[in-house]
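In what follows, a structure is listed as structure tokens, so that the remarks can point back to it.
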Amino acid sequence: MTDVPQPGDPEDDETGGEPVPGSFGLPGIPGLDFSQLDLAQVMRLLQSEGPVNWEIAHQIAGYVALDGAPSDTPVSDAEREELVELARAAESHVVAETGLTSALGLRTSTMGRREWADLSLDALRPVLEALAITLRQALDAGDDQPGPGEHPSGASPFGFAGGAGDPFGGLLTMLAPLLLGVQAGSMIGYLGQQALGRYDLPLPTDDNPSLAFVVPNLAAFEEAWALDRKDLRFAVALHEVVHAAERSVPWVRERLVRLAIEYVSAYEVDSPAFEQQFGGVDPNDPSSFAGIAEHPEALLGAMQSERQPEILARVQGLTMVLEGYADAVVERLGDRLLPDFARIHEALQRHHLERGEAERFIEQLLGLRLDREHYERGEAFCRGVIERAGLEGLNRVWESERMLPTPNEIDAPGLWLARIDLPDLEG
């Protein structure tokens, strides 16, 4: 693969390393000017050992997370010690409140934005590679089957010449790993600009649960809301510990990943839309690749499927319970332990709901859409169960997938209690 100049290197173009504006204000591929590459360099760039170009994904994720800055703000030893101490205290309180002993002894990391982005990309690898396989299969099928208006000589419906002897016959298949690397890196990089911890969003990660605090974002959030530093960080630690305890339930983590893979596997390539979006790429003109890099959302716009809304509903059913349970537990503890918890809680709720383009991006890619209604419904369900059967009653939701509430039960907690044969303590 060709060497890619990094932002701020002397070789950068006259923009001085500033990001090239693209959709959502994203850069294209940072530091890489396609107009300066020859055809051989472009073809090497398109080569990838797997279905996703992870090198490009990590490069873009780090660049976007840092908003073009050359490096992260270092985490001091004092901050690291403070957050680890707060995490241990949060674990003790969560276990005492919930009985979820899996919340004890979690691996705790303090990090910058780029490290968070790298961690999240690695943990999302199974889901993103499932999406890549779906795209590759669809493109391979499109190459094998003549599309509407395909030239009898074998030219592909995407406007590229076909045939085994044509070096450009599989250009779109070659583009797919690059496109997905750009898409995934952009998405995670944007989230990395705002994430306070590991579980800001219910991402379908398959690695072991752990705690991670993004120190530069915590500092910026404290300043923006004029919140007490230690109180805010303790509230975030409570939130992270509860979510890590939920992920320690084996079927929860497995179901999140399974549903995400099912969702991305339901994408269907719309050949005319693909041709419209990518048909202008000219293999003999490397500069024509730049537009693809600057508009990664075009990839999924050509792949939406009618099967996905039903899968999305099941994803939302699970994530509403995860978020509702965490909110209910954190509020119970915060009300008792933090004098200014009401204002901290309001700030964190706003943070979870106002991610702008970052959340829309991840919703489009992975089907994770949670608006205010979903958060409120999940929390209302958990409150309703706790009022009737206590937190020990609500904890039965973790026994198996069968215990997940149906959509009707989310809005009527008594129905859920009746189904799992728990007594309704209010009669």
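The table below gives the values:
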{"read-out": "Residue among V321, V330, V397 that is within 19 Å of the chain's Cα centre (by Cα) and at pLDDT 95 or above", "value": "V321"}
{"read-out": "Number of the exception - Q364 against (1) modelled with pLDDT of 70 or more; (2) buried (at least 16 other Cβ atoms within 10 Å of the Cβ); (3) not charged (D, E, K, R)", "value": "(1)"}
{"read-out": "Single unsatisfied condition, E49 versus (1) part of a helix (DSSP H, G or I); (2) loosely packed, with under 15 Cβ neighbours inside 10 Å", "value": "(1)"}
{"read-out": "Checking C382 against (1) touching a Phe, Trp or Tyr at 6+ places or on another chain (Cβ under 7 Å); (2) modelled with pLDDT under 95; (3) within 26 Å of L333 (Cβ to Cβ), the condition it does not meet", "value": "(2)"}
{"read-out": "Within the stretch 93-132, tally of residues that are assigned to a helix (DSSP H, G or I), of a type in the set (S, T, Y) and under 23 Å from the mean Cα position of the chain (by Cα)", "value": "1"}
{"read-out": "Selection within the stretch 200-229 - over 17 Å from L322 (Cα atoms) and buried (at least 17 other Cβ atoms within 10 Å of the Cβ)", "value": "A212, F213, V214, V215, P216, N217, L218, F221, E222, L227"}
{"read-out": "Any hit, the stretch 70-84, residues being surrounded by 16 or more Cβ atoms within 10 Å (Cβ to Cβ) and small (G, A, S)", "value": "no"}
{"read-out": "Residue match in the stretch 287-306 (condition: closer than 21 Å to V321 by Cβ and either at pLDDT below 95 or of a type in the set (A, V, I, L, M) (or both))", "value": "no"}
{"read-out": "Tally of residues being touching a helix residue (DSSP H, G or I) at 6+ places or on another chain (Cβ under 8 Å), farther than 30 Å from V397 by Cβ and of a type in the set (A, V, I, L, M) across the stretch 53-105", "value": "8"}
{"read-out": "L232 crowded, with 21+ Cβ neighbours inside 10 Å and in contact with a Pro (Cβ under 9 Å, 6 or more places away or on another chain)", "value": "no"}
{"read-out": "Given (1) within 19 Å of A235 (Cβ to Cβ); (2) not in a helix (DSSP H, G or I), number of the condition A90 does not satisfy", "value": "(2)"}
{"read-out": "Counted residues, the stretch 56-70 - those being modelled with pLDDT under 90, part of a loop (DSSP other than H, G, I, E, B) and on the phi < 0 side of the Ramachandran plot", "value": "2"}
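Each row is one residue, and each column tells you yes or no for (1) over 22 Å from the mean Cα position of the chain (by Cα); (2) among the hydrophobic types (A, V, I, L, M, F, W, C); (3) at pLDDT below 95.
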position	(1), (2), (3)
I188	no, yes, yes
L203	no, yes, yes
A212	no, yes, no
V215	no, yes, no
L218	no, yes, no
F221	no, yes, no
L227	yes, yes, no
L232	yes, yes, no
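The values are calculated or read from the model by the stated rules, or taken from the named source; none is laboratory data. Worth saying up front: this structure is predicted, and the values here are computed from it rather than measured. Virtual Cβ from ideal backbone geometry, glycine too; neighbours counted across all protein chains shown.
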